[in-house]
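K.L.:
Below you'll find the structure I mean.
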Protein chains: 4
Amino acid sequence: MNSMEKINQFRDERNWRQFHNEKDLALSLTLEASELLELFQWKTSEEAKEKPERLKEELADVLIYAYMLADNLNFDIDQIIAEKLVKNAQKYPIETSHDSREKPK
Amino acid sequence: MNSMEKINQFRDERNWRQFHNEKDLALSLTLEASELLELFQWKTSEEAKEKPERLKEELADVLIYAYMLADNLNFDIDQIIAEKLVKNAQKYPIETSHDSREKPK
Amino acid sequence: MNSMEKINQFRDERNWRQFHNEKDLALSLTLEASELLELFQWKTSEEAKEKPERLKEELADVLIYAYMLADNLNFDIDQIIAEKLVKNAQKYPIETSHDSREKPK
Amino acid sequence: MNSMEKINQFRDERNWRQFHNEKDLALSLTLEASELLELFQWKTSEEAKEKPERLKEELADVLIYAYMLADNLNFDIDQIIAEKLVKNAQKYPIETSHDSREKPK
C-alpha cells in the first residue's frame, strides 16, 4: 500500500470519514502545522533539530491531514504539486529569482 | 522525476536553499496552511469547495513546504507517515475509537 | 495597574524580556491562536462554548502575547485599533458592506 | 468610546454579527496572527521592524478579532488576562523561572 492508501485504511477502519468535513480538515492541518512550529519556539533551527523524533511525528501529522484533505477533494497529490511548480516557475523565473529572498517558495 | 525531486530542482535552480533554514520553513508551512484555511473562512465546506482551483493551489503550497522541510531534515516522507500511523493505531485502537469523535486523526 | 502593566510586571519579575524577540513573540501569538482554535476542532460554536474555562484561558494567552508584542514595538493598543478601524471603514463603507459576508472584519 | 465599543459599533453598523459565529471568529484570529507572522518570514526581528506600519495594521487585526470573540463570549478582557496571569504565576514561580527559557509566557 502507498501512503494515501494506508491513511485511508486507518480512517476507514475507525469509520472517521463521517467527521472529516473539509473545513475541519483544513482547520486541523493548521493546528498540526502549529504544533510543528512550536518545536522551534524560542529556538534556532539548530537547537530544534536536536529533537528529530518530535519533528518526525509533527511533520507526519501535517502530511497525514494534507493527504486526507487531498483525498476528500479528489486531488492527486503529485499532480497538484507539479501544476503549482509550473505556476511558481512563471512567477519566479530563474533569471530574476536567483539568490533573491523575496518570497522564495 | 518524483514530486520531491521536482521540488528540489525548483529551489536549487534558484539557489534558494540558502534561505531555507528549518525554522522559517516550519513558519512558512503554517502560513500556507492558514492561506488554505482562509478559503473556508465564513463558509461551509460545501461553499468552499465551489472554488477547487484555489484549494488545489493552496494545498499544493502546504505540501511543497512539508516536502522541503522533510528533505532538509533527511526524513523519508512515506516512512514518517507509516511510523506515525503505527503510533496513532496504538493510541486509537479500532475497537474503542470506532465512530468516536474524540480527536480523530 | 492596567493589563499591560500587569503583563510587563510578570515578564520582568522573571527576566524574560531577554527571550522576547519580536519574531518569536509573533510566532507564539500564532501558536496561542491555534490552541484557541483547537477548542473548536470537530465542533460547532455551540458545542465549543460548553467549555468556557478553556476558552477564557486560551483567549487570554492570545491577548497576553499580543500585548507583549505591542509593548516591544512601542505601539499603543487603543491607538492602533482606532487607526485600523478607520482604514477598515474606508475599505468597507457602511452602505455597500451592510449584510455582506465578503470578508467581514 | 473605548476600543471594545468602537469595534462593536463598527460591526453593528454593518450588521455583521450575523456572520460572527465563534468558530469562524477563532479561525479568523488564527488567520490574522499568520498575516502578522508573515511579516517576519525569512527575516530577523530587526529586519521585520523596518516596516512598522504593516506590523501596526496586522497586530490591530489580531486584537480586533480577539476583542470581538471576547465580546461574543461575554468575557471581560482585563479580567481574563488578570486571571491567566495568576495561573501562569503558579505554573512559573519567580524563583525557579527566572532567566529560564522553558516556555516563557
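K.L.:
Only one residue in C:A26, C:A89 is under 14 Å from the mean Cα position of the chain (by Cα) and among the hydrophobic types (A, V, I, L, M, F, W, C), so which one is that?
P.N.:
C:A26
Yes or no, residue by residue, for (1) farther than 20 Å from B:L31 by Cβ; (2) without any contact (Cβ under 8 Å) to a residue 12 or more places away in the chain; (3) not aliphatic (A, V, I, L, M):
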{"site": "D:A48", "(1), (2), (3)": "no, yes, no"}
{"site": "D:Y67", "(1), (2), (3)": "yes, no, yes"}
{"site": "D:Q90", "(1), (2), (3)": "yes, yes, yes"}
{"site": "D:T96", "(1), (2), (3)": "yes, yes, yes"}
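K.L.:
Right, next: Give the residues of segment D:22-45 that are over 30 Å from B:F19 (Cβ atoms) and free of Cβ contacts under 8 Å to residues at least 24 places away in the same chain, sorted by residue number. Let's see the steps before the verdict.
P.N.:
Initially, segment D:22-45 is screened for residues over 30 Å from B:F19 (Cβ atoms), giving D:22-26.
Selection gives D:K23, D:D24.
K.L.:
On the basis of being surrounded by fewer than 22 Cβ atoms within 10 Å (Cβ to Cβ), under 30 Å from A:K43 (Cα atoms) and not aromatic (F, W, Y), does B:E47 make the cut?
P.N.:
no
K.L.:
Still on this structure, please answer the following. B:L85: free of Cβ contacts under 8 Å to residues at least 40 places away in the same chain, buried (at least 22 other Cβ atoms within 10 Å of the Cβ), out of contact with any strand residue (DSSP E or B) (no Cβ under 6 Å at 6 or more places or on another chain) and farther than 20 Å from A:S100 by Cβ, yes or no?
P.N.:
no
K.L.:
Count, please, the residues in segment A:1-37 that happen to be farther than 16 Å from B:A66 by Cβ and not basic (K, R).
P.N.:
So the answer is 17.
Readers should treat all values here as calculations from the given coordinates under stated rules, not as data from a laboratory. Small disclaimer: the values here were computed from a predicted structure and weren't measured. Glycine also receives a Cβ, built like all others from the backbone with ideal geometry; neighbour counts cover every protein chain displayed.
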